[in-house]
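To start, I am sharing the structure in question, which I have written as structure tokens.
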2 protein chains.
Amino acid sequence: MTLIRAYEVIADDLRPSIREGERGPGDRLAAKADLARHHGRSVPTVQNALRLLSDEGLIDRGHGRGNVVRRPRTPAVRDDSRYQWEEDRARLPLATRAATGVTERDTGLHAEALVFHAQYREVEASAEPAGAFGVPAGTVLLRRAYRTRYSVEVAPFSLVTSGLVRDVIAADPDLLDEANESWPGGSRHQLHTVGIEPGRVEARVTARPRTPEEVAALDLPPGTSVILLHGTSYDVDDRVVDVSHVTLPGDRTELLFTTRLERW
Amino acid sequence: MTLIRAYEVIADDLRPSIREGERGPGDRLAAKADLARHHGRSVPTVQNALRLLSDEGLIDRGHGRGNVVRRPRTPAVRDDSRYQWEEDRARLPLATRAATGVTERDTGLHAEALVFHAQYREVEASAEPAGAFGVPAGTVLLRRAYRTRYSVEVAPFSLVTSGLVRDVIAADPDLLDEANESWPGGSRHQLHTVGIEPGRVEARVTARPRTPEEVAALDLPPGTSVILLHGTSYDVDDRVVDVSHVTLPGDRTELLFTTRLERW
DNA sequence: GAGTGGTCTAGACCACTGT
DNA sequence: CAGTGGTCTAGACCACTCC
């Protein structure tokens, strides 16, 4: 015998009217007190039902404003052709490279509308990252954290961490200084500067609910997941040159990957 | 002034001991009544804190068993080299094709341990799918739903829907009958049968919280997201030959995409 | 049967929003 | 200031698990 929970009943009652577009985005639901009366239930029980709908991403709960049907956010597309695009630009003149980068490409915004932030730190590799790079533990890595946001918003589009082996890029000291960011032409041109030719990029994608830290850093509403993209760049000799970690808000990010097949 | 919520305080108190491995997977938390006494709070408030941790995927709540630290599930990797792999097999002898398929490849399980289910339905394309295929609305599509599960489990690994234009594959009537599934060699060999050579596959990946329907169909625990993979297969002449929709449990699925870059 | 978690009530108080 | 949502209490009852 399955137990029937009162808050599920209330949620099941509200869901169809939201999903079938009977209520449009922005429309308000009945007040919690009215819902409680209407269903003959207590206020906390109604509250449980509303929390459920909020966790499912169906409604936004506005303190003092009422519960409203959520408006879907337009997704930003992160296309894996970005790698080839950036590599092609690595050999173009400085002025061209400086004009626009991958973030502008992803979001469709102009460079002036973007606020860029970079932070570099040198760390000694512990077992895990050392294994990823195939270097001995204790090798010095350059860990770079990036944050880019739209100037009128507070939250960045993504949280990005990128790791490099320090000695591999030390041939150009400019690459070790965060003050030189944002680097015209991005990380592909940085690698090009020290003679590294990337050969392929591997992306591992997973998804999970957001952590409280991510809620704060990315300003995520309830009812969103985060997409984790763990990227590994190899050069043409199959050496790992970059290991990156990207955290993306699931409700407005779409990843696009194209797999080309060989001819028969 | 930010309001301090009692249930957040309790959750914040428990989180570190779970995440820093002070408690290992499988360890039990204190009973809800004990937690309430210890924090000087009511039982429902403690319950709210435990729900939060469960939604974050940190604990499993076992009715009558106690709240235990969740054991991470081992992820199944879905590698985009699967497409080339399957295409290469499309021209191998029947016996070889029948021996193993992509699901066996993804999961590492043998064919006998898998339970396969397929359902075919013919539908007239409405505006949306017709646009994806580039055919007039009303064109007859074959909509195929697949479910594969491990024989000792109840929930399938994923929910898969695939759509084809009926006339494109009607040259071989065997392709229209679900009784011929599971087809040795999979969908790539099916296309090969009617002379279609796939050229590339586009995958669009998004993530969101699970819906109640998905909870039931995939037996998802709280604190998991679903990964949606919207795939489009093109043939060598850039014609759309297959549109698929895959719903994957986020807590045990990892997608792997490799992007190869051109030589300078 | 003892101990666990899950849910519910009735009412209260506070915070936030908009008029 | 009126109306909204968010939280909390104290205690109760029930379902589930395991011994």
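We did not get these values from a lab; they are worked out from the coordinates using the rules stated. As the structure is a prediction and not an experimental result, all values here were calculated from the model. Counting neighbours? That spans all protein chains shown, and the Cβs are built from the backbone with ideal geometry, glycine included.
Provide, as a two-decimal number, the C-alpha radius of gyration of the stretch B:6-69 over 2.2 N^0.38 Å, N being how many residues it has.
Relative to the 2.2 N^0.38 Å estimate, the stretch B:6-69 comes out at 0.99.
For the stretch B:75-130, build the charge dipole from Cβ charges (+1 Lys, Arg; -1 Asp, Glu) around the Cα centre, then report which of B:V123, B:A98, B:W85 sits farthest towards its positive end.
Of the candidates, B:A98 comes out farthest on the positive side.
Same structure, new question: Test of understanding: extend the Cα→C-beta vector of B:V123 to 7 Å, then name every residue of the stretch B:228-246 with backbone N under 16 Å from that spot.
Only B:230-231, B:242-246 fall inside the zone, counting backbone N under 16 Å.
Still on this structure, please answer the following. For a test of the definition: using alpha carbon positions, the gyration tensor, and the 1.5 limit on a/c, classify the stretch B:106-225 as rounded, prolate or oblate.
oblate
If you take each beta carbon of peptide B:206-219 and count the beta carbons of other chains within 10 angstrom, what is the mean?
For peptide B:206-219, the averaged partner shielding equals 5.
With a cap of 11 neighbouring Cβ atoms within 10 Å, and only residues DSSP puts in a loop, list the GluC sites (Glu not before Pro) found in the stretch B:16-82.
Hits after loop and neighbour filter: B:E20, B:E22.
Rounded, prolate or oblate: pick one for chain A, where a ≥ b ≥ c are the square roots of the eigenvalues of its C-alpha gyration tensor, a/c under 1.5 means rounded, and failing that, prolate if a/b is larger than b/c, else oblate.
Prolate is the answer for chain A, as a/c is 1.5 or above and a/b outweighs b/c.
Once amide H atoms are built 1.01 Å from N in the peptide plane, which residues 5 or more positions from A:T139, or in another chain, come under 5 Å H to H?
A:A125
Here's another thing I want to ask about it. How large is ³J(HN,Hα) for each residue in the stretch B:185-198, as worked out from phi by the Karplus curve 6.51 cos²θ - 1.76 cosθ + 1.60 (θ = phi - 60°), to whole Hz, x for Gly and Pro?
x, x, 5, 5, 6, 4, 5, 4, 4, 9, x, 9, 10, x
With Cβ to Cβ distances under 12 Å as the rule, what net charge do the other residues near B:V240 carry (K, R +1; D, E -1)?
-3
What does the copy distance list look like for B:V43, label position 7 Å along Cα→Cβ, in nm and ordered from shortest?
2.2
Divide by every residue of chain B the summed helix terms, -39500 (n - 2.57) for each DSSP H run of at least 4, and state the resulting mean residue ellipticity at 222 nm, rounded to the nearest 500 deg cm²/dmol.
Taking each H run of at least 4 residues, the total per residue is -8500 deg cm²/dmol.
Dipole magnitude of the protein assembly as shown about its Cα centre, charges +1 at Lys/Arg Cβ and -1 at Asp/Glu Cβ only, in debye to the nearest 20?
My answer is approximately 1860 debye.
Can you list, shortest first in nanometers, how far A:A98 lies from the same residue in the other copies, with each label 7 Å from Cα toward Cβ?
Result, one decimal in nm: 6.8.
In the protein assembly as shown, how does Rg compare with the Kirkwood Rh, expressed as the Rg/Rh ratio over alpha carbon atoms?
0.98
Starting at the first residue of the stretch B:149-162, write each ³J(HN,Hα) from the Karplus equation 6.51 cos²θ - 1.76 cosθ + 1.60 with θ = phi - 60°, in whole Hz, x for Gly and Pro.
Those phi angles translate into 9, 6, 4, 8, 10, 8, 8, x, 5, 7, 10, 10, 10, 10 Hz.
Also, quick follow-up: With the cut-off at 1.5 for a/c, could you classify the stretch A:201-264 from its C-alpha gyration tensor as rounded, prolate or oblate?
Cα axes put the stretch A:201-264 in the oblate bin.
Follow-up. Skipping prolines and chain starts, which residues have an amide H placed within reach, meaning under 5 Å, of the one on A:I59, given they are 5 or more residues away or on another chain?
Residues meeting the criterion, in which the H sits 1.01 Å from N, are A:S54, A:R70.
Taking Cα pairs under 8 Å and at least six residues apart, what relative contact order does chain B come out at, in percent?
18
Along the stretch A:105-118, what does the Karplus equation 6.51 cos²θ - 1.76 cosθ + 1.60 (θ = phi - 60°) give for ³J(HN,Hα), rounded to whole Hz, x for Gly and Pro?
Coupling constants for the stretch A:105-118: 5, 5, 9, x, 9, 8, 4, 5, 8, 10, 10, 10, 9, 9 Hz.
Shortest first, in nm, what separates the label point of B:G62 from those of the same position in the other copies (7 Å along Cα→Cβ)?
Copy-to-copy label distances for B:G62: 4.5 nm.
Just want to confirm a number: the relative contact order over the stretch A:127-264, from Cα pairs under 8 angstrom separated by 6+ residues, in percent.
Rounded, it is 24 percent for the stretch A:127-264.
Return a whole-number percent for the relative contact order of the stretch B:1-115, with Cα pairs under 8 Å and 6 or more residues apart as the contact set.
22
Using only Cα atoms, locate the centre of the stretch A:92-158 and the centre of the stretch B:96-172, then give the distance between them in Å, rounded to an integer.
40
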